[in-house]
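Heads up, the thing below is written out as structure tokens.
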Amino acid sequence: MRREAPKSLADYAPLVFPGLMLIVFFVVPFSTMIAVSFFQRDPAGFYTVAFTLDNYGRFISLFFGRVLGFSLMLSVLVAICCVAIAFPFTYLLTKQSRKVQTVWLVVLLSVLSLSEVIIGFAWSTLFSRTAGITNLFVWLGLMNEPVALLPSFGAVLTGMVYQALPYTVLVLYPALVRLDPTLLEAARTLGSSPVRAFFNVVVPALRNTVVATVIMVFVFALGSYLLPQILGRPQHWTLSVLITDQAIYQSNMPFAAAMAVFLVLISLALVGLTLFAGRKENAL
Amino acid sequence: MRQTFLRRLYFFAVGLFLALPLIVVAGVSVNEKQDLTFPPVGFSMSWYQQIFADPEWRRALIASILLALSAAAIAVAVALPLAWFLWRRIAPWANVFQLLGVAPFILPPVITALGMLTFWATSGLYGQPWTAAISHGIFFVTLPLVTLSLGFASIDRSLVEAAATMGADDRTVLRTVVFPLILPYLVSGYAFAFVLSLNEYIVAYMTVGFTIETLPIKIFNALRYGYTPTMAAVSIFFVAVAALVFGLIARFGDIRKLLGAMASEG
């Protein structure tokens, strides 16, 4: 069947249900959220209709600035750690047999699909005093007595890298699978070692992919809403945690909505940047 | 030689990092007493029985499964006609809907969650069980949409043309040629959405968190009030379900191909 332009109104019929669903249950909720961000807080209910910029005005505070700065810093760190670990890993993975690749992909997908609740719980157990990794160190004679490694910044970072690592590998996988093997063969023929060929040929050839992946993982890490709460102290809370907290526990939906709109803008700008980076690579 | 060793070591290190928390959780889940200790003291599978025997955990399990089954069905029902239309017709503006289908997945989940919360609160339907199914269905539309687009793209158009030349109308072609070809992609899209919905916390919490407890919500609530080994057992149960589903997809389909295109489409 050749692709053809829709001729009659009936040809649009398949679009009705998905279009309606996406508009009613995504576009409308999204717009509602934007509208609510200009409303006033109602401590007894959800909100009262009004027009105010106060919710956005609250951004100009030391507290908010600190949370924002911390969120961005943490996400950048997570993204860099993930790509640094995942890039060589994914590269080596694509050189393995189909069977080995399949097994790893199943493992990565299983970890990726894990609930943030479960990841948080698992790491809080691993970092706990009674059941944690320090017991192993004590047994090995590296430490005198088991200690709790959380709440701490290190625990938050580790948990978030754990959460984002499978995602990073799966984002990098298609680009690395399709990497032209003759590039590497040429480098090898010219006498470069596999490690040097990797750093001198593979990494530069995929520079834009690396940049795009860092940004994708950055946005992914910005979305982490529970790990900073479970594994960190209040000063380790991120924008996502703050939004959840304001919406649910402080029942300040308008302020939560304003922060969410802000988060959307950051995310969209960054996703736009990755599309730009991707386009440049395709043009080359 | 040395390089093979280093490569193996690297794979081992990444594997260990991914497995370590799960090993410890699996360990504490078989403790005999209700203690958070590792290595486990004694051995007992009773905490796994708790998931099905304890009325509260069982209720959460049933709620989660019902939610995931219906949410995945909604996601597929939205994605299938959309992917079919985009493959069949030349209508560039319709790509807007594809973008809308992918957006909830790319943006931080808190945003979709809060959008749903404000929407259901404003419409007065807040807390109804089915609102969570619709919210999850929209949130995870991306997965069947990507797998189905991939499925349609892999159909050899001459096959379909042959059927049309032989006199089959659109509906017949769809039923006898197109549908069997995309069925594996439909099933994997459903399975992806099912597993992710089963594990999803924030959207479920913001839509029905005060009326229904799904398993992730139940685990989080339990986590705040103290530790029970049942949480560990449920976590391992979830890992097993995910591994089983993705293992089956890998066994009967080509997961490499599925993922090779998946991220580039997103």
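The values are calculated or read from the model by the stated rules, or taken from the named source; none is laboratory data. Values in this document were obtained by computation on a predicted structure and should not be read as measured data. Neighbour counts run over all protein chains shown; Cβ positions are idealised from the backbone, glycine included.
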Item to complete: Please work out if B:Thr122 is at the interface with chain A (Cβ under 8 Å from one of its Cβ atoms), of a type in the set (Val, Ile, Thr), surrounded by fewer than 24 Cβ atoms within 10 Å (Cβ to Cβ) and over 30 Å from A:Lys7 (Cβ atoms).
Response: yes
Worksheet item: Which of the residues that make up the stretch A:40-91 are under 27 Å from A:Leu176 (Cβ atoms) and of a type in the set (Phe, Trp, Tyr)?
Response: A:Phe87, A:Phe89, A:Tyr91
Discussion item. The conditions are (1) within 10 Å of chain A (Cβ to nearest Cβ); (2) crowded, with 18+ Cβ neighbours inside 10 Å, and B:Ser149 fails exactly one of them. Which is it?
Written reply: (1)
Discussion item. Six or more apart or on different chains, Cβ atoms under 7 Å: show the pairs whose first residue is in the stretch A:35-63 and within 16 Å of B:Gly124 (Cα to Cα) and whose second is surrounded by 11 or more Cβ atoms within 10 Å (Cβ to Cβ) and of a type in the set (Asp, Glu).
Written reply: A:Thr48/A:Asp42
Worksheet item: Which of the residues that make up the stretch B:218-236 are at the interface with another protein chain (Cβ under 10 Å from one of its Cβ atoms) and surrounded by 17 or more Cβ atoms within 10 Å (Cβ to Cβ)?
Response: B:Lys218, B:Ile219, B:Phe220, B:Ala222, B:Leu223, B:Tyr227, B:Met231, B:Ala232, B:Val234, B:Ser235, B:Ile236
Discussion item. Quick check on A:Ser97: is it surrounded by fewer than 16 Cβ atoms within 10 Å (Cβ to Cβ), within 30 Å of B:Ile249 (Cα to Cα) and of a type outside the set (A, V, I, L, M, F, W, C)?
Written reply: yes
Discussion item. Can you list residue pairs whose Cβ atoms sit under 7 Å apart, with the first residue in the stretch A:122-147 being at pLDDT 80 or above and among the charged types (D, E, K, R) and the second being surrounded by 18 or more Cβ atoms within 10 Å (Cβ to Cβ) and not in a helix (DSSP H, G or I)? Count only pairs 6 or more apart in sequence or on different chains.
Written reply: A:Arg129/A:Pro146
Worksheet, complete the sentence: Of the residues in the stretch B:70-101, those that are within 7 Å of another protein chain (Cβ to nearest Cβ) and over 29 Å from B:Ala164 (Cα atoms) come to B:Leu100, B:Gly101
Worksheet item: Any chance the stretch B:194-201 includes a residue that's more than 9 Å from chain A (Cβ to nearest Cβ) and either farther than 30 Å from A:Ala247 by Cα or not in a helix (DSSP H, G or I) (or both)?
Response: no
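Inspect the stretch A:171-183 for any residue being out of contact with any strand residue (DSSP E or B) (no Cβ under 9 Å at 6 or more places or on another chain), hydroxyl-bearing (Ser, Thr, Tyr), at pLDDT 80 or above and surrounded by 15 or more Cβ atoms within 10 Å (Cβ to Cβ) and give the result as yes or no.
Step one: of the stretch A:171-183, the residues out of contact with any strand residue (DSSP E or B) (no Cβ under 9 Å at 6 or more places or on another chain) are A:171-183.
Filter again for hydroxyl-bearing (Ser, Thr, Tyr), leaving A:173, A:182.
Then drop every residue that is not at pLDDT 80 or above, which leaves A:173, A:182.
If we keep only those that are surrounded by 15 or more Cβ atoms within 10 Å (Cβ to Cβ) as well, we get A:173.
Taking every residue of the stretch A:171-183 in turn, at least one turns out to be out of contact with any strand residue (DSSP E or B) (no Cβ under 9 Å at 6 or more places or on another chain), hydroxyl-bearing (Ser, Thr, Tyr), at pLDDT 80 or above and surrounded by 15 or more Cβ atoms within 10 Å (Cβ to Cβ).
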Item to complete: Those residues that are in a helix (DSSP H, G or I), within 13 Å of chain A (Cβ to nearest Cβ), in contact (Cβ under 8 Å) with a residue 60 or more places away in the chain and out of contact with any Phe, Trp or Tyr (no Cβ under 6 Å at 6 or more places or on another chain), I need them from the stretch B:1-59; list them, please.
Response: B:Leu22, B:Val25, B:Ala26
